[in-house]
1. In debye to the nearest 20, how big a dipole does the chain give about its Cα centre with +1 on each Lys and Arg Cβ and -1 on each Asp and Glu Cβ?
2. With bins 5 Å wide starting at 0, give me the P(r) of segment 5-154 over every alpha carbon pair, in whole percents.
3. On a full-extension model of 0.36 nm per residue, what is the gain between Thr176 and Glu317, subtracting their alpha-carbon distance, rounded to one decimal in nm?
4. Eight or more residues apart or on different chains, and alpha-carbon atoms under 19 Å: count the Lys pairs in the chain matching that.
5. Run the numbers on segment 157-318 and let me know its relative contact order in percent, using alpha-carbon pairs under 8 Å that are six or more apart.
6. Determine, from the Cβ-Cβ distance of Asp302 and Trp214 and an R0 of 25 Å, the FRET efficiency 1/(1 + (r/R0)^6), rounded to the nearest 0.05.
7. Over segment 235-328, what lengths in whole Å, largest first, do the semi-axes of the equivalent ellipsoid take, defined as the square roots of 5 times the eigenvalues of the alpha-carbon gyration tensor?
8. Residue separation times 0.36 nm, minus the C-alpha to C-alpha distance between Asp122 and Ala310: what's the value?
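The values are calculated or read from the model by the stated rules, or taken from the named source; none is laboratory data. Note that this is a predicted model, so its numbers are computed, not measured. Note that each Cβ is placed from the backbone with ideal geometry, even for glycine, and that neighbours are counted across all protein chains shown. Note: areas computed on protein heavy atoms with side chains; ligands, DNA, RNA excluded. Shrake-Rupley method; radii C 1.70, N 1.55, O 1.52, S 1.80 Å.
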Amino acid sequence: SKTPVKVAVTGAAGQIGYSLLFRIASGALFGPDTPVELRLLEITPALGALEGVVMELDDCAFPTLAGVEIGDDANTIFDGANLALLVGARPRTKGMERGDLLEANGAIFTGQGKALNDNAADDIRIGVTGNPANTNALIAMTNAPDIPRERFSALTRLDHNRAISQLAAKTGASVTDITKMTIWGNHSATQYPDIFHAEIAGKNAAEVVGDQSWIENDFIPTVAKRGAAIIEARGSSSAASAASATIDAARDWLTGSKKDDWVSMAVVSDGSYGVPEGLISSFPVTTSGGSWEIVQGLEIDDFSRTKIDASTAELAEERDAVKELGLI
Ligand code: NAX
């Protein structure tokens, strides 16, 4: 029998965890023939609730679930991990300034970066979902000097999937007809969902839409503010869709993006498209076998240039703030 893949998930007792763990355990990430071992990290007060989630995982009798370990010590939980999905983060609460949020998360992601550095398997890949995702990934990456930088990414796949869904609804196309969608920049309200390179059944999506005003005043804000719209409607933030996107991102990273298509991932910039080197920013990327490559040679018009620059300027500000705090 195959050796189980060790998947570490942080914030496992949270909302996203409640969807994510069952999908991973059922084979959604590695398929029906690969056993997985879940290694679940939580803060001490949430371990009781996490035990309840593990009881439910047991009760599913998933054929692909080879074992579950839980705990509140990152060094133990990350031991031998092949994939780490960093979902747990400190949410912004009332009266909390942005600096407070960055500091609270900084403590989490410096510690987890070091623990991954010291304990994860040599083939570790790390996906950060917990917000502020891009900057949390930057903090973890910087605190894990022995792990190659390209092993870290932050989640913009949910934004990518939302953009595909909005474009499909607008044009009556099926989501499977839409390719080459791009999210640029930060997973925040400044993100830039770009359909100027996207295709619908092989035709340029912006030309099919033929309505710049819809792109600017409807599509972009709808995608960028979708998280807030879901909180408004549901009373809590997106969870099942965020879990689904976390799976999509990890699966495509490890197994490869589709031919003649690409995905959006926030990865460390090499300076491509004028994005400052070293920022973790979302790009169009192709993936295969656990590596990614930024799609090169796309023409960026003035409209897109302004949008990309605004989002990467925000990322640079966040980087400067965490540098100031001594976190990187
Ligand atoms: P919850 O508050 O339901 O769960 C978070 C869990 O993380 C809690 O159980 C908490 O105890 C745990 N946690 C906190 N600090 C921890 C630590 N140091 N180690 C381990 N666990 C820790 O939030 P949930 O709705 O599950 O969302 C999780 C994160 O995803 C949040 O930061 C959220 O903002 C972010 N999101 C990111 C998205 C993206 O597209 N990148 C979209 C969805 C979501 O908003």
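1. Dipole magnitude for the chain comes out near 400 debye.
2. The distribution over segment 5-154 is 2, 10, 20, 23, 20, 14, 7, 3, 1, 0, given as percents.
3. Details: separation 141, 0.36 × 141 = 50.76 nm, distance 3.67 nm.
Computed gain between Thr176 and Glu317 is 47.1 nm.
4. 12
5. Working: 266 pairs, mean separation 42.3, N = 162.
Computed value for segment 157-318: 26 percent relative contact order.
6. So the FRET efficiency works out to roughly 0.85.
7. Working through the eigenvalues yields semi-axes of 23, 20, 15 Å.
8. Value of the extension gain: 64.1 nm.
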